[in-house]
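One structure below.
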Amino acid sequence: MKNYLLFFIAAFGFKSASIAQNSQPKPIIADKIVAVVGNKVILKSDIDNSIIDMERQKIEIPVNGRCMLLEQAMGIKALVLQAEKDSLPVTDEEVETIIDNRIRGFISQFGSKDELEKVAGKTIYQLKEDFREPIREQELAKAMRNKVVENVRITPKEVNEYFEKIPKDSLFLYESEVEISQILAYPKAHRDAEEYCIQQLKEFKEQIESGKKDFASLASIYTQDPGSKETGGQYDVNRYSKELDPVWLGKAFTLKPGQVSNPFKTKFGYHIMQLVSRAGDDASVRHLLLIPQVTSYEIKEGINKLDTIRAKLITGTIDFGAAVAKYSDDDASKFTAGQITGKDGSSYVTIDQLDKDLVLMLKDLKAGQYSQPTEYVDERGRKGVRIVYLKTRTEPHRENLKDDYDRISQRALEVKKNNVLEQWFNKKLVTYYILVDDEFKSCPEMVKWMSGPAAAKN
């Protein structure tokens, strides 16, 4: 049981694998219980499907992969048992949100709700029911793990000791990286531009309702939402989704099947929407987005606004995080002080992870400097203006304590947390009823599980 952090990567992958599996006929194989922890069972199909999912994601499977997955699954069951005993809170709303996000991911992967249901051989409702208990257990296990390690801290001395134990030829090699933050401003379009969008949408609505055009065709040509252009403006949504604009989402549940809304406004622009179908808290809708065009005059006003903010930053009358919170038009960045993060969530990003215009803005900046306000177009086609703050820039180098202390300390902290969790398991295992199938008893990973007084000996 060396790395409990892998629990949440591998052990619950089987549910996504079960969708991919059904795309090809498979011989029916009898399932069986391969392990029991307390009153929690683990099935052979859980392990088999996790292996399939890792293969599908091109994750390298170690020689002892099946043993490792069973150990991780048993670890999760043990955490869940204790979480239930401690009455740790995991709400139905939290579970539903995770399920909805996962279903949306699969719909995006397979192209549509109908295709997902065809491949899975199940309805969306049935898939949600399949997900519910595993996700609830996953969240309980996370909550229990966090409780066990919540007070674990690490000292500079411990970081140094951890680093000194790393073989020199095993130290990471890093490309040139930057830490950057930005303030975004989206100038408001003139009212005439907004009225033009509204009039266009009214004409589209009339064409659809008269039967001259269908919604999907118009959306595929005119919508300015890149995320739905290829699907004719279609989205599958849930009433309780927290990721979607609340005005837009609310509209989906006020319409009748086939009805087309009047033009309405969100922070993204102006829309019309048609309800395709609805079942309880789930709905299928089409929408068409038009973004009022911002002219060079509004852009100039935005540049002047950010130029004033830049002057305050340079003189130190406001710090960057406070400026983001007060002036940025990007809601998401207000919670990160405008910081741009890498795919792994790190504050360090390589140049290839940035858009080309941002790379040009950084070209002549030195660490600690602010760029001039610059016009740009975001991924949704909205025109805006931004200021970039370059916090640090590193040269290609081998990992060292001076340049990479934060990364090294984070890894050292995770090792310490895993050691604390290991000690916790050592104390708890003796109190759980444990049963392991003969197929897995020879796994070295099972020695610890089978050595306790509560382990079944048959």
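The values are calculated or read from the model by the stated rules, or taken from the named source; none is laboratory data. Values in this document were obtained by computation on a predicted structure and should not be read as measured data. Heads up, the Cβs are rebuilt from the backbone with ideal geometry, glycines too, and the neighbour counts pull from every protein chain shown.
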Name the residues in segment 186-242 that are buried (at least 19 other Cβ atoms within 10 Å of the Cβ), of a type in the set (Phe, Trp, Tyr) and modelled with pLDDT of 95 or more, would you?
-> 204, 215
Name the residues in segment 155-202 that are more than 21 Å from residue 414 (Cβ to Cβ), out of contact with any Asp or Glu (no Cβ under 8 Å at 6 or more places or on another chain) and of a type in the set (Gly, Ala, Ser), would you?
-> 181, 193
Flagged in segment 303-330 as surrounded by 13 or more Cβ atoms within 10 Å (Cβ to Cβ) and among the polar types (S, T, N, Q), in numbering order, are 328
Answer with yes or no whether residue 275 is farther than 30 Å from residue 297 by Cα and in a strand (DSSP E or B).
-> yes
Qualifying position, being buried (at least 18 other Cβ atoms within 10 Å of the Cβ) and among the hydrophobic types (A, V, I, L, M, F, W, C), among 360, 390 | 390
Just checking, which of 146, 160 is touching a helix residue (DSSP H, G or I) at 6+ places or on another chain (Cβ under 8 Å), polar (S, T, N, Q) and not assigned by TED's automatic domain parsing to the domain that holds residue 359?
-> 160
May I ask you to list the residues in segment 184-215 that are in contact with a helix residue (DSSP H, G or I) (Cβ under 6 Å, 6 or more places away or on another chain), closer than 17 Å to residue 295 by Cα and outside any loop (DSSP other than H, G, I, E, B)?
-> 185
So, in segment 443-455, of the ones that are surrounded by 11 or more Cβ atoms within 10 Å (Cβ to Cβ) and part of a loop (DSSP other than H, G, I, E, B), which residue ends up modelled with the highest pLDDT?
-> 443
Can you find a residue in segment 337-356 that is surrounded by fewer than 12 Cβ atoms within 10 Å (Cβ to Cβ), over 16 Å from residue 176 (Cβ atoms) and of a type in the set (A, V, I, L, M)?
-> no
Any idea which of (1) surrounded by 15 or more Cβ atoms within 10 Å (Cβ to Cβ); (2) farther than 30 Å from residue 304 by Cβ; (3) modelled with pLDDT of 90 or more; (4) among the hydrophobic types (A, V, I, L, M, F, W, C) is the one residue 120 doesn't satisfy?
-> (3)
Could you tell me whether residue 103 is aliphatic (A, V, I, L, M) and surrounded by fewer than 18 Cβ atoms within 10 Å (Cβ to Cβ)?
-> no
With the condition kept exactly as written, say whether any residue in segment 305-328 is at pLDDT 95 or above and small (Gly, Ala, Ser).
-> yes
Can you run down the residue pairs with Cβ atoms below 6 Å, 6 or more apart or on separate chains, where the first is in segment 338-353 and at positive phi and the partner is of a type in the set (Asp, Glu) and modelled with pLDDT of 85 or more?
-> none
Enumerate the helices (runs of 4 or more DSSP H) found wholly within segment 288-384, keeping only those where 2 or more residues are under 30 Å from residue 399 (Cα atoms).
-> 320-327, 356-362
Close pairs (9 angstrom Cβ cut-off, 6 or more residues apart or separate chains): within 15 Å of residue 388 (Cβ to Cβ) in segment 297-319, assigned to a helix (DSSP H, G or I) and of a type in the set (Lys, Arg) anywhere = 309/326
Kindly establish whether residue 237 is more than 23 Å from the chain's Cα centre (by Cα), aliphatic (A, V, I, L, M) and not in a helix (DSSP H, G or I).
-> no
Positions within segment 123-179 being touching a Pro at 6+ places or on another chain (Cβ under 9 Å) and among the hydroxyl-bearing types (Ser, Thr, Tyr), in sequence order | 174, 176
Examine segment 308-316 for a residue that is charged (D, E, K, R) and over 26 Å from the mean Cα position of the chain (by Cα), and state whether such a residue exists.
-> yes
Close pairs from segment 123-148: first of a type in the set (S, T, N, Q), partner modelled with pLDDT of 95 or more and surrounded by 15 or more Cβ atoms within 10 Å (Cβ to Cβ), Cβ under 7 Å, at least 6 apart = none
